[in-house]
Amino acid sequence: MPAFADTLRRKAEAGVRVRFLLGAPDGEVTRQREAVEDATLTVSVRVRITLGELAKTGQVEGLEATGGPVRAARQGAP
């Protein structure tokens with residue numbers, strides 16, 4: 001989605017509650033899910049893409065993201 005981070009920020013600032021729950025991209029549950037889905041765009045890649053977009057938003061009231069890797073991504077860690 002083009003301008004995903006900007007869209008999330010705008011929606012949250014307009015009062016929409018936006019929530020994400022993400023698993024660890026290198027976790028066992030993620031690997032198991034990838035085996036089940038057997039898709040080209042793996043779960044771990046989708047998690048990393050989402051983390052990258054969330055990191056671009058910074059701290060915005062109304063935008064919640066939880067899960068193992070989220071805090072590090074939103075603080076700019078690799």
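What the chain shows is 69 Å² of accessible area per residue, with the surface traced by a 1.4 Å probe over protein heavy atoms. Here the sum of -39500 (n - 2.57) over DSSP H runs of 4 or more residues, divided by the residues of the chain, equals -15000 deg cm²/dmol at 222 nm, to the nearest 500.
Given the choices (i) 1.00; (ii) 1.09; (iii) 1.12, Rg/Rh (Cα atoms, Kirkwood Rh) derived from the coordinates of this structure is entry (i).
The values are calculated or read from the model by the stated rules, or taken from the named source; none is laboratory data. Everything quoted here is computed from the prediction, not taken from an experiment. What goes into the accessible areas is simple: the full protein's heavy atoms, side chains included, and nothing from ligands, DNA or RNA. Shrake-Rupley method; radii C 1.70, N 1.55, O 1.52, S 1.80 Å.
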